[in-house]
Amino acid sequence: MNFTGKTAIVTGGCRGIGYSILHKLAELGVDVGFVDIASIADAQNTIEQVKLLGRKCEFFSADISNLNQAESTVRYFLDIFGHIDILENNAGVNKDFSFLD
Ligand SMILES: NC(=O)c1ccc[n+]([C@@H]2O[C@H](COP(=O)([O-])OP(=O)(O)OC[C@H]3O[C@@H](n4cnc5c(N)ncnc54)[C@H](O)[C@@H]3O)[C@@H](O)[C@H]2O)c1
């Protein structure tokens, strides 16, 4: 697939699976925006790593479980990129319990 000129939003991109997806998309030539409940300080490492790949990387701090903040997120990235081609809904919580619990 040709990803040249595409843009993506990844939710929860500060760490873990979201970070890996963000990084891979940037490697493929995609300009990426990511939203995370974490602060700009926590996002800084991700931004620096992705920019090393020569792609745009923009961060928006928000809680995407809140509808108003989710809508603000989309508006923010649309203003920056003009279009959004890919959405990776990654953010979430993983609560592991043993079977007996
Ligand atoms: N790790 C696993 O084995 C596994 C297995 C199955 C599914 N998943 C799912 O994959 C996704 C990522 O998992 P992970 O292990 O990388 O998680 P993680 O906890 O390492 O990272 C999740 C990221 O999402 C952000 N986030 C969480 N809630 C948010 C919210 N409401 N708004 C904005 N950002 C938010 C966190 O700040 C964090 O940066 C999750 O949805 C998880 O449920 C993970």
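Just so it is clear, none of the values below were taken in a lab; they were calculated from the coordinates. Quantities reported herein were computed from a predicted structural model and do not represent experimental measurements. Neighbour counts run over all protein chains shown; Cβ positions are idealised from the backbone, glycine included.
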If I take R0 = 25 Å and measure r between the Cβ atoms of Glu27 and Ser98 in this structure, what FRET efficiency does the formula 1/(1 + (r/R0)^6) give, to the nearest 0.05? 0.10
Dipole of segment 7-88, Cα-centred, from +1 at each Lys and Arg C-beta and -1 at each Asp and Glu C-beta, to the nearest 20 debye? 160 debye
Quick one: check the C-alpha center-to-center distance for segment 32-54 versus segment 68-101, whole angstrom. 14 Å
Cut-off under 18 Å on the C-alpha distance; same-chain residues fewer than 8 positions from Lys51 excluded. Which lysines are left, in chain and number order? Lys6, Lys24
FRET efficiency for Ser39 and Thr4, using Cβ-Cβ distance with R0 set to 30 Å, rounded to 0.05: 0.40
How many nm separate the modelled label positions at Asp85 and Leu53, each set 7 Å beyond the Cα in the direction of the Cβ? 1.4 nm
If the cut-off is 19 Å between C-alpha atoms, which aspartates and glutamates fall inside it for Lys95, apart from same-chain ones fewer than 8 positions away? Asp36, Asp63
